[in-house]
Every structure is written in structure tokens, then in C-alpha cells.
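Step one of this worksheet: look at the structure below.
The values are calculated or read from the model by the stated rules, or taken from the named source; none is laboratory data. Here the structure is a predicted model, which is why all the values come from computation and not from measurement. No Cβ is skipped: glycine too gets one built from the backbone with ideal geometry, and neighbour counts run over all protein chains shown. Heads up: the accessible areas ignore ligands, DNA and RNA and are worked out on the full protein's heavy atoms, side chains in. Shrake-Rupley method; radii C 1.70, N 1.55, O 1.52, S 1.80 Å.
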Amino acid sequence: MTSDEQLILELQQGSDEAFTELFLRYRERVYGFFRRRMNDAAQAEELAQETFLAVLRAAQRYEPRATFRAYLFGIAFNILAAHRRKSVLNPTQPDRAPDEPSDPSGTNPENVIWVRQAVERLEAAEREVLLLREFEELSYEEIAKILRAPVNTVRSRLFRARMALREILAIAPRNLRGRK
Amino acid sequence: MTSSTHPFEQEEVMAYLDGELSANRAVSVAAHLRECTECAALAEQMRGVSSQLSNWSVEAAPASLTKNLEAARADHALVKETKRAGFAGWLTEKIPSFKNRWVLGAAGAAAGVVLLFALTLPTRRREQHSEGWAQLAYTEQLRSAETAPSKSAAGEVEAFIAQARPSPPPSPEPTQPMIARTASVSLIVKDFGPLEASVKAVAQRHNGYIASLNSASPQDAARTLSATLRIPSAQLESTIAELKQLGRVEQESQSGEEVTKEFTDRAARMKNARATEERLLDVLRNHTGQVKDILATEQEIARVRGDIEQMEADQRSLQTRVDFATVELSVQEEYKASLQGAPTAIGTRLRNAAVEGYRTVVESVIGFGVWALQSLPTVLLWGLVLFAPARWIWKRLRRPAVSQS
Ligand SMILES: [Zn+2]
């Protein structure tokens, strides 16, 4: 198994197999990145695709001092930010249709829906830090770089987000509190 | 709870769980957590929040993502090629970008470009791309055949199972020993100026990178530089050889840590955990019991999944350590070496002697000044105190002499 960092260096040298492998490794996670942040599955798919194309086009810009994961989700975050700016200017394609049920597939078990709704109730800045930490598994420093915020700010936002989430989840209709 | 009753802020307890504390700090927090029930409870809540969040899985990425990307990528390869060819670039610029309805638009334009350039351009590259994607499609089939759950039953439970993230195929057994290599090199250099750039250039030439770099230029000692380089293991020898060109080698050592066992052990545990997950998913598929039990099973699956992902992450970072050797480089300027008694050029020694001589003069002048400033008040005080009696004695001694004359 070759490391991600090795693979992107190979991609810089023009290796197609390297890109294929990176895509296979991160397809679900990049799709998940957008899917957790928007209700429109088709939109999430389009942005995920844009992210991988950006990796392909800008492979030369990768510097090996960062992990590939941080680099990749940095790109994804920028693409999401650009998309959100566009949606504000052009509200005919809203990020979250108000009438749409929070769970688009309608088949999630209840506790998944509950967690999702709880996260949606967090403040936007705190929610972003929380998602980047829990799902993209980035370090405080990597998150700070992506959000262009000091590491201390990231840490305290993350703390507030988790405490708030604990409060929200504590008033669950059923007790779904975490394992032992 | 306040920080006055606990030696750590709550945020630090969280940072500890996230692996964000320095080793020393982490050890003290861990010790405190064993003693303090309040902080331990906080840690437990934090873990609980993370564990609940991990329930939020997302449906698998649609297959069209792969297909569309494949098409867009062929398009990208074409753009690259025609740009390289250096003519009719404007035409390729007109190919709609990948964002909106690119499939239809680009397909037409791309077809035209292919017709125009198929005869004038080497086709090797295009073939490579399509091969890559053929392989991708094949791998994909394999993976979905392995991991896709059966769609025989319907309902919530089935949906949950469908959403359980598919496990990647088990890590391949290493065929050769896995060794995490480290090397350290100490150098003495004459010319410190271009050093940092040279070190960076060496790392870059070997597809490595600089993990950390510190340089110090103290006022009256030699300048030093210490750097940690991560270099693809296969290039370690040639990198060290190049680094040694930068100056005189004072010390050099290499070591390798055999991590094959750690790797295979963890691979085995991952395999077991995946089997457990699979069994639990089976239980869930065939379950007819109460909602409460289903939820318990789901939580157990989430827990196993968390363990698997943790192990996967550890495995990846171990792999990185094997792929990239670590080189600890420390460099000193020649000046300090001469003070330590190593033989050096006469010019350097004369210059050092001159500097030392000058410094001695300056220091003796400063030393006198300091002494004078320190003693002056005392001298003045005693001068004032003793002035009157001294004058009286002086007059008494002179008076007899005057009366005698
Ligand atoms: Zn405490």
C-alpha cells in the first residue's frame, strides 16, 4: 500500500494509476463531505466531481509538507465556499430547500436523522469545525489553515460545538447516549 | 468546574482526546483523568458525542460520479495535449469547462478536437488514460461485488446496512520486511549563507520534503541549522550522499526499525474486526426483535467501525513512515568548531584571535566603567563623612608649624 502523499507525487510526475488510486480511496469521503453539508444529492455529486478535477488540474501545486488529506479537503472546502457564494447571489438554486425533509432518502434510521438535525442546529462556524474534525479527521492546525483562523479559535469553537451538541442530544426523545 | 480546582482547562481534556497535546502534557492530563471523576466524566461525554456523530453515515457515492469524472478526465487530457502541441489552443479553451452541462458540450467539442488532431498528435497518452480508467471500472466491479449488501429485504434496517460504509479490501500482506528508516548527519560548513536553499533543493530533487527546519544565529557563537527531512526510502542513500557534499561530515548514523510485525498484527486485528462487523450486519439483516435491540446492534456496529477506521489510520501512518525515511540533519558553521579545538584554516584562526582580542579590550573598558559606577556612591559618601574631621586634623597639624615660624 502506497501512502497518499507518495501517490500525489507520482501524479505530479504524470501517473494515471496514482490518480485512479487516490480517487478510489477518497471518493466516498469527498462525496460524504458535500453530502453532509447539503441536502441536494445531485449538487453534492457535482461538487465532488469538481473537487477531483481540481486535484487533477492543480496537482503541481501540492507541496508535500501538508498531508494529502488536508490538501484535498482544503480544495473541497474552497469549492463549497464558492458554491455557497453563488447560491447567495443566485437564490433560484437554494442550498437547502426549506420544504425538503431533512432526510432526503427517507430511509435513515431515526438516530441518524436525529444526529443530523442536532448538528444543523449548531452555529455555522462551530458546525464547520466540528464536521472537519469528526468526519474529515483533520488536526486543529489543518482546520485552522483551511478556515484561516487561529488554532486557539478552532479549539474553542470545537469545544463549544461539542458541548452544545451534547446538550441537544441529551434531550433526545429516546436515550441514545453513546456507548458505555 | 473551574480551572482553579483542576490543573487543566476543559478544552485541554478535549484536546487530549483528540491527540492534540504534546507528549508531556498528555501524560499529565491522562494522570489527572485517572484521579478526577469530574474531568473523567467530561471526557466520557466528549467521547459519547463523537460516537453518536459517527452514526451519521451517508449513502454511497453514486456510480455516475465515477463515470462523469472519467469523461471529464479524458477531456482534461485532451486539453493538456493540445496545449502542449502549441497551436489551436484557443479552440480547446472554448471547450466548456467541466462545471455546467459539460458532458454534452464537451463531448461534441472533444469529438471535433479528436478529429482535428488525431493524425498530428501521438496517441500514446490518450491510450494510457483509457487504460487507467478501464482498470478503475474493473476494480470498481470487484469492490461492489465484494461489499455490496444484498437488496433482498426492504425497510429501515436494510437501509442502515446499505449505508454502512463498505470496507476497503484487506491490506495486502507485506511481501518484504517493512523497515522505517532513520538517519542522522552532522556537518560543519564554511559558507552558511546558501545552506538553507541547498538543503531544500536536495529534498526536492529526491521527491522528499522538509518536515521542520530551525536555524539559529546567536550573536557570538556559530550559526546552526537543524532540519528534519522526509525522503522516499529508496532515495535515502543518494540523499545522504548529496547532503554530505554540503560540508565536512562530523557524524553520520543510520538505523532501521523493523515494523513488519506491527503491520501484520494490526492487519490481522483489522481482519477480525471486519469479520465482526460483517457478523453484526448479518444479525441486523435477520433481526426480528425489538427496536431497542436493533439500536444496540447498530451502536455496536458503529463502535466496531470506529475501531476499524482507527486501525486503518494507524496503518496508513505506519506505511508513511516506511515509505518516507527520516533524515535528521544538523549543521554548524565553522567558527564554533574552531573554538572547540578542531583544526581549522589559519585565516579563520587569526580572524578569531583578532575578534577575541578586540572583545577582551572592550570588556576590560566596560568592566572598569561598571566598577567605577558601582563604587562611586560609596567613595562620595565616605568622602563627605570624612571631609570635616580630615580638615580639622590638617589644620591642627599645620597650626604648630605656622606658630613656630
Ligand atoms: Zn479535574
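One table, with the values for the structure above:
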read-out	value
Extreme residue, nearest to the ligand (Cβ to nearest atom), among residues of the range B:1-17 that are under 21 Å from A:GLU141 (Cβ atoms) and either modelled with pLDDT under 90 or in a loop (DSSP other than H, G, I, E, B) (or both)	B:PHE8
Pick from the range A:20-45, criterion facing another protein chain (nearest Cβ under 8 Å) and acidic (Asp, Glu), ranking: most open to solvent (accessible area, probe 1.4 Å)	A:GLU28
The range A:109-143, subset among the aliphatic types (A, V, I, L, M), within 11 Å of chain B (Cβ to nearest Cβ) and open to solvent by less than 20 Å² (accessible area, probe 1.4 Å), residue farthest from A:LEU158 (Cα to Cα)	A:VAL112
Residue within the range B:152-165 that is at pLDDT below 85 and more than 12 Å from every other protein chain (Cβ to nearest Cβ) present	yes
Neighbours by Cβ (under 6 Å, 6+ apart or cross-chain): first from the range B:318-342, under 16 Å from B:ILE210 (Cβ atoms) and of a type in the set (Phe, Trp, Tyr); second open to solvent by less than 20 Å² (accessible area, probe 1.4 Å) and modelled with pLDDT of 85 or more	none
Set A:ALA70, A:ALA58, A:ALA82: member being open to solvent by 10 Å² or more (accessible area, probe 1.4 Å) and touching a residue at least 60 places away in the same chain (Cβ under 8 Å)	A:ALA70
Evaluation of B:GLU20 against (1) within 9 Å of chain A (Cβ to nearest Cβ); (2) in contact with a helix residue (DSSP H, G or I) (Cβ under 6 Å, 6 or more places away or on another chain); (3) open to solvent by 30 Å² or more (accessible area, probe 1.4 Å); (4) within 14 Å of the ligand (Cβ to nearest atom) (one fails), failing number	(4)
Boolean, B:SER212 is of a type in the set (Ser, Thr, Tyr) and within 21 Å of the chain's Cα centre (by Cα)	yes
Matching residues in the range B:275-288 - criterion: being in contact (Cβ under 8 Å) with a residue 24 or more places away in the chain, assigned to a helix (DSSP H, G or I) and open to solvent by 50 Å² or more (accessible area, probe 1.4 Å)	B:ARG285
Flag if B:ASN272 is closer than 27 Å to B:SER54 by Cβ and exposed (fewer than 15 other Cβ atoms within 10 Å of the Cβ)	yes
Tabulated pairs, the range A:129-149, first among the aliphatic types (A, V, I, L, M) and outside any helix (DSSP H, G or I), second modelled with pLDDT of 95 or more and open to solvent by less than 10 Å² (accessible area, probe 1.4 Å), C-beta under 7 angstrom, 6+ apart or interchain	A:LEU138/A:PHE73; A:LEU138/A:LEU132
Selection within the range A:46-70 - more than 7 Å from chain B (Cβ to nearest Cβ) and not charged (D, E, K, R)	A:LEU47, A:THR51, A:ALA54, A:VAL55, A:ALA58, A:ALA59, A:GLN60, A:TYR62, A:ALA66, A:THR67, A:PHE68, A:ALA70
Cβ-Cβ under 8 Å pairs, at least 6 apart or on other chains, the range A:1-19 side at the interface with chain B (Cβ under 7 Å from one of its Cβ atoms) and open to solvent by less than 30 Å² (accessible area, probe 1.4 Å), far side in a loop (DSSP other than H, G, I, E, B) and polar (S, T, N, Q)	A:GLU5/A:THR67; A:LEU9/B:ASN207
Identity of the residue in the range B:27-55, more than 10 Å from the ligand (Cβ to nearest atom) and away from every other protein chain (no Cβ under 14 Å), that ends up surrounded by the fewest Cβ atoms within 10 Å (Cβ to Cβ)	B:ARG34
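The rows are residues; the columns are (1) assigned to a strand (DSSP E or B); (2) in the same structural domain as B:SER184 (by TED's automatic domain parsing); (3) acidic (Asp, Glu).
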position	(1), (2), (3)
B:LEU213	yes, yes, no
B:ALA222	no, yes, no
B:ALA227	yes, yes, no
B:ALA234	no, yes, no
B:SER238	no, yes, no
B:LEU243	no, yes, no
B:GLU257	yes, yes, yes
B:PHE263	no, yes, no
B:ARG269	no, yes, no
